[in-house]
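K.L.:
Dropping the structure in here first, questions after.
Read-outs: derived from the displayed coordinates by stated rules, not from any lab. Keep in mind the model is a prediction, meaning the values are calculated, not measured. Cβ sites come from the backbone with ideal geometry, for glycine too, and all protein chains shown count toward neighbours.
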Amino acid sequence: METDQYLEVFLDESREHLQAVNDNILELEKQPEDLNLVNEIFRSAHTLKGMAATMGYEDIASLTHKMENVLDLMRNHKLKVSTEIIDVIFLAIEYLEDMVNSISEGNDGKKDVSGLVQRLDQIEKGNPVQDSTETRIDAQDQVVNSDDLGLDEFQITIVEQAKEQGFFPFQITVELTDDCILKGARAYMVFEALEDYGEVIRTNPSVEEIEEGNFAQSFSMIFLSGKESTEIKTIIEKVSEVKQVQIGNLVTISNAINPAEHESVENIAETAAKEETAATTEQSSQTSVKSSGSKTIRVNLEKIDDLLNLFEEVVIDRSRLEVIAENISSHDLTETVEHMSRVSTDMQSLILAMRMVPIEQVFNRFPRMIRGLARDLNKQISLEIYGADTELDRTVIDEIGDPLVHLIRNSVDHGIELPEVRQQSGKQAEGRLILRAFHSGNHVFIEIEDDGAGINREKVQEKAIENGIISRDEAEVLTDDQIAGFIMSSGFSTADKVSDISGRGVGLDVVKNKIESLGGQISIETKAGKGSIFSIQLPLTLSIIATLLVKVQKETYAVPLSSIIETVILNKEQIMYAHGKKVMDFRGKVVPIVSLAAVFDIPEAEAHEGNEYSVIIVKKGDKLTGLIVDSFIGQKEVVLKSLGNYLGDVFAISGATILGDGEVALIIDPNALIK
């Protein structure tokens, strides 16, 4: 069967099912008795298995098939939910995500899943959760760990055949001395010493990484030999700078790879349709109302882009027609233009909605990640998510995931303290990490907030001075938040030691560059001992926005309606001063006010005449500012056009538009003006 035409559908639906499994597994860990969750996970895994088998992705099919067996035992009360089992299922999800991503990049989606399949098989048989390659205590009563040395089917066959010929599999872990400099050379000497006594069939890490020295102080291998373990140990210990050698006999190899017990992928594909019918019947019995047909279609994003570009021209022509209708004074023409305006407004809302997707698509990956990081770092962390339904343009959604991962890992590693440290400082043992998103004007704000130790000003300041970023005199006049911003500099790190989580001096500068490439900004607020907030401002990338047109001298400006709270006519005597700056009383709150004429240094701007000011109250989060203009023109939907690379970074201007009379009006970014 030709499957290429279904590839995009397979990828989209696979990601949806994996996300569903991920979300439900997290809930299942909190509610292990809820079988409805198990049923949901089973159905997602089952559907994914059938699709993968039909498309010919064998590794995905075999892994989901084993997951399905374990889940089936759970929902039939034959297996209890445990943290260990959930850990294995999470690992399976990671494998499946890797394979789906590999397929989306044009690869074959193959991955060595045999070790994980064996672990699931052991769970299915009721054995303790461990790797399927069993170990026993060696001659020195030392248990040898084989977690990361799972063998594939070919390697298992080699081991079994070697046993028949009198060779035995040993699992060997070699630890080098702490002061060993040429680790790769010493490892090579170990392999060379063993060369005449048997064969190495697997190493952890890979042979290439070992010989390059890309490992800590120890490495492991599975070694076939006819010698005794004590003799092999003696051979290795003769190599200089070897600190310790652990050897264990691999007495049995799991029979998880058993043709009698495993369906072939072809059989899975043949039975997928029957099983899918059964699962669908079961699902429909639990649902009172079910749609008789699909209500969605998948459209290439480029087609929506083309449609939006064409519609932008319609909006410009609509504005031109409105001006012409006002001048001609024709009832029929005016009525037609008004109807066209109403219809086109609805059309543009639909087109823009097609591009917008909720940011929960990005946020959904983080609960599982936080769970894993907290366990790795021995920390207690609760994740709170707000505003997951905030919508953002699809192109921005696709790009913002990696920067958020960097920031969250940084907060977990450097921000939130260990439980005992938190308790000593009077905090709860469990740290809080808050992820929130919200709209403000024609921007979306994403905040990562933690209640950790905050950013150490002295440490960052000294590092910045050491790196030549600022002088000591300059540092004295900067605020804590300005000093904290230096952690975004290239190669900047204050980590005492490098970890797998963060602290390599890369990452945060990449985050800043990525966000700025999307037309956004990032800022930091921090308080020592209280925590930090990383705030990301991103454009909605809406090409058509509702604005209020205003006049400042002879210039026309457009202010996005989504940023405006209210318009106010302010008497001259109502203007007050605080710290030498103009402020006003707005509903009992002191609000700073700013003159647009002064901000943009508009020619002919003179001292204000008269006793009244026209003021626009704009908001950013919970902050308000008043913008002084000369007059209000009225509301208008305009096409947002970029100023181009040459004028791409103009203060407080987010773009420009062409009005109906052909005049160009600049579109103000109120967020830049809010004090």
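K.L.:
Just subtract the alpha-carbon distance of Ala353 and Asp196 from 0.36 nm times their residue separation and send over the number in nm, one decimal. Write down the numbers at each step before the final one.
P.N.:
Values: separation 157, 0.36 × 157 = 56.52 nm, distance 6.83 nm.
Extra length from Ala353 to Asp196 when fully extended: 49.7 nm.
K.L.:
Less than 11 Å Cβ to Cβ from Glu97, Lys/Arg counted +1 and Asp/Glu -1: what total charge do the surrounding residues give?
P.N.:
+2
K.L.:
Only Cα pairs under 8 Å and at least 6 apart count here; give the relative contact order of segment 544-672 as a rounded whole percent.
P.N.:
Values: 246 pairs, mean separation 40.4, N = 129.
Computed over segment 544-672, the figure is 31 percent.
K.L.:
Then there is this: So what is the relative contact order for segment 341-442, in percent, with contacts set as C-alpha pairs under 8 Å and at least six apart? Don't skip to the end; give the middle numbers.
P.N.:
Working: 98 pairs, mean separation 36.4, N = 102.
Over segment 341-442, the number comes to 36 percent.
K.L.:
About its Cα centre, what dipole magnitude does segment 375-488 give when the only charges are +1 on Lys and Arg Cβ and -1 on Asp and Glu Cβ, stated in debye to the nearest 20?
P.N.:
My answer is approximately 340 debye.
K.L.:
May I pose another question? Starting from the Cα of Arg320, step 7 Å along the direction of its Cβ; do the same at Val590; then give the gap between the two resulting points in nm.
P.N.:
A separation of 5.2 nm, rounded to one decimal place.
K.L.:
May I ask you to evaluate 6.51 cos²θ - 1.76 cosθ + 1.60, the Karplus curve with θ = phi - 60°, for each residue of segment 13-29 and list the ³J(HN,Hα) values in order in whole Hz, giving x for glycine and proline?
P.N.:
6, 5, 5, 4, 5, 5, 5, 5, 4, 4, 5, 6, 5, 4, 5, 5, 5
K.L.:
Something else: Given H placed on each backbone N at 1.01 Å, which residues far from Lys623 in sequence or on other chains put an amide H within less than 5 Å of it?
P.N.:
For Lys623, no residues qualify.
K.L.:
On alpha carbon coordinates alone, what is the Rg over Rh value for segment 153-249, Rh being the Kirkwood radius?
P.N.:
When Rh is taken as the Kirkwood radius, the ratio is 0.97.
K.L.:
Further question on the same structure: Taking the Cβ of Leu63 as the center, what net charge do the other residues with Cβ under 9 Å away carry, scoring Lys and Arg +1 and Asp and Glu -1?
P.N.:
Around Leu63, the surrounding residues sum to +2.
K.L.:
Would you mind putting 627-639, 41-53 in packing order, based on average other-beta-carbon counts within 10 Å, highest first?
P.N.:
Highest to lowest by the protection proxy: 41-53, 627-639.
K.L.:
Suppose every Lys and Arg Cβ carries +1 and every Asp and Glu Cβ carries -1, with no other charges. What dipole size does segment 301-358 come out with about its Cα centre, to the nearest 20 debye?
P.N.:
160 debye
K.L.:
At a threshold of 8 angstrom on Cα-Cα distance, excluding pairs fewer than six apart, so keeping six or more, what relative contact order does segment 360-539 reach in percent?
P.N.:
24 percent.
K.L.:
Based on Cβ point charges of +1 for Lys and Arg and -1 for Asp and Glu, what charge dipole magnitude is obtained for segment 544-672 about its Cα centre, in debye rounded to the nearest 20?
P.N.:
480 debye
K.L.:
Using only alpha-carbon positions, what ratio does the radius of gyration of segment 306-446 give when scaled by 2.2 N^0.38 Å?
P.N.:
Expressed relative to 2.2 N^0.38 Å, the Cα Rg reads 1.68.
K.L.:
Length gain on complete extension for the stretch Val207 to Ile304, per 0.36 nm per residue less the alpha carbon to alpha carbon distance?
P.N.:
30.1 nm is the gain from fully extending Val207 to Ile304.
K.L.:
Give me the base-10 log of I(q)/I(0) for segment 360-539 at each q in 0.13, 0.16, 0.17 Å⁻¹, Debye formula, one uniform scatterer per Cα, rounded to two decimals.
P.N.:
One equal scatterer on each Cα of segment 360-539 leads to -0.66, -1.01, -1.13.
K.L.:
Separate question: Summarise the long-distance tail of P(r) for segment 544-672 by giving the % of C-alpha pairs beyond 27 Å.
P.N.:
Details: 1393 of 8256 pairs.
The share of Cα pairs beyond 27 Å in segment 544-672 comes to 17 percent.
K.L.:
Order the peptides 479-490, 100-111 from the highest to the lowest mean number of other Cβ atoms within 10 Å of their residues.
P.N.:
479-490, 100-111
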